[in-house]
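The values are calculated or read from the model by the stated rules, or taken from the named source; none is laboratory data. These figures come from a predicted structure and were not determined experimentally. No Cβ is skipped: glycine too gets one built from the backbone with ideal geometry, and neighbour counts run over all protein chains shown. Note: accessible area is taken over every heavy atom of the protein model, side chains too, but ligands, DNA and RNA are not part of it. Shrake-Rupley method; radii C 1.70, N 1.55, O 1.52, S 1.80 Å.
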Amino acid sequence: MPFILLKSFFLFFLTISSFCLIKDSIGENLLKNGDFETGNTSGWICWETFPWDGDGIPVKHPARVDIHVPGTIGVPTPPAISGLSALTQEVTTEGTARGGIYQELNVQPHSTYVVTGSMAFYGDNIGDITIIGILDGQWNPVNTITTPFKFYIGGDTISSWTKFSLSIIPSKNIITVFTETRQDWGYGYVAGWYDNLTLQFITENSKPFSSEKTPPEDQK
């Protein structure tokens, strides 16, 4: 076989091998119904803290977090990142509220997992917030406040679709991926949108990182 032809064949084999290694380093999506194309929240469990004492005084105006695919407080542009559906978590009445959805997943301890997706937000008060996060262990709504593995959008603002990426090296064989939309003050309303949520296993270990954004209650 001529040297030039042999060299070309070797380079082709090396390129294909490198591509396969890169592809194999990222696993399939471990989340069920992460794109919400079922038109509902199948695969997820809804949760809510009710009544939520978000403003630090006895609850006077408790409200509920409504979960829809799609929602009723308008829609971001486009209404979904891909396909026809996206998750909406919203509070449509004045009052304090806190809730969302979650999935518990079996994982390999001390390995790297990455959660990615897109979020959009509508808020009209400083106490409004929407969150995506990971718990190192089983579901516990108390731990959503302290986990370092989360990304959020909040405040008196309107945010179009924003991509996020969170990684974790779990110490246990279970992690929990959760969403949360919260209204801390009995004023106005709030909506958080989610689409294309994925959880993938990464074979090459890397240090976990958390969002640079830290919800107000963690800044104490």
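Overview of results
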{"item": "Beta bridges per DSSP with both ends in region 41-165, % antiparallel, nearest 5", "result": "95"}
{"item": "Table column - 3J(HN,Hα) (Hz), region 38-45, Karplus curve with 6.51, -1.76, 1.60, x for Gly and Pro", "result": "6, x, 8, 9, 4, x, 10, 10"}
{"item": "Under 10 Å, Cβ to Cβ, from Ala80 - net charge with Lys/Arg +1 and Asp/Glu -1", "result": "-3"}
{"item": "Residue-span extension gain [Lys32 to Leu105] - 0.36 nm each, minus C-alpha spacing", "result": "25.3 nm"}
{"item": "Whole-Å distance, taken between Cα centres, linking region 35-91 and region 113-157", "result": "13"}
{"item": "Amide H contacts of Val107 (H built 1.01 Å from N, under 5 Å, at least 5 apart or other chain)", "result": "Ile174, Ile175"}
{"item": "Prolate/oblate/rounded label for region 119-160 (Cα gyration tensor, a/c 1.5)", "result": "prolate"}
{"item": "Global geometry of region 59-132, whether rounded, prolate or oblate, following the gyration tensor of its Cα atoms and the 1.5 cut on a/c", "result": "oblate"}
{"item": "Distant-in-sequence amide H partners of Trp161 (H built 1.01 Å from N, under 5 Å)", "result": "Thr77"}
{"item": "Per residue accessible area of region 128-192, 1.4 Å probe, in Å²", "result": "37"}
{"item": "Percent accessible area from carbon and sulfur atoms, region 138-192, protein chains only, probe 1.4 Å", "result": "54"}
{"item": "Under the Karplus curve 6.51 cos²θ - 1.76 cosθ + 1.60, θ = phi - 60°, whole-Hz ³J(HN,Hα) for region 85-102, x wherever Gly or Pro sits", "result": "10, 8, 7, 10, 10, 9, 10, 9, 10, 6, x, 8, 7, 7, x, x, 9, 7"}
{"item": "Net length gained if the chain between Lys172 and Ile45 were fully extended (0.36 nm per residue, minus Cα distance)", "result": "43.7 nm"}
{"item": "Added length on full extension, which subtracts the Cα-Cα distance from 0.36 nm per residue, Ile202 to His61", "result": "46.3 nm"}
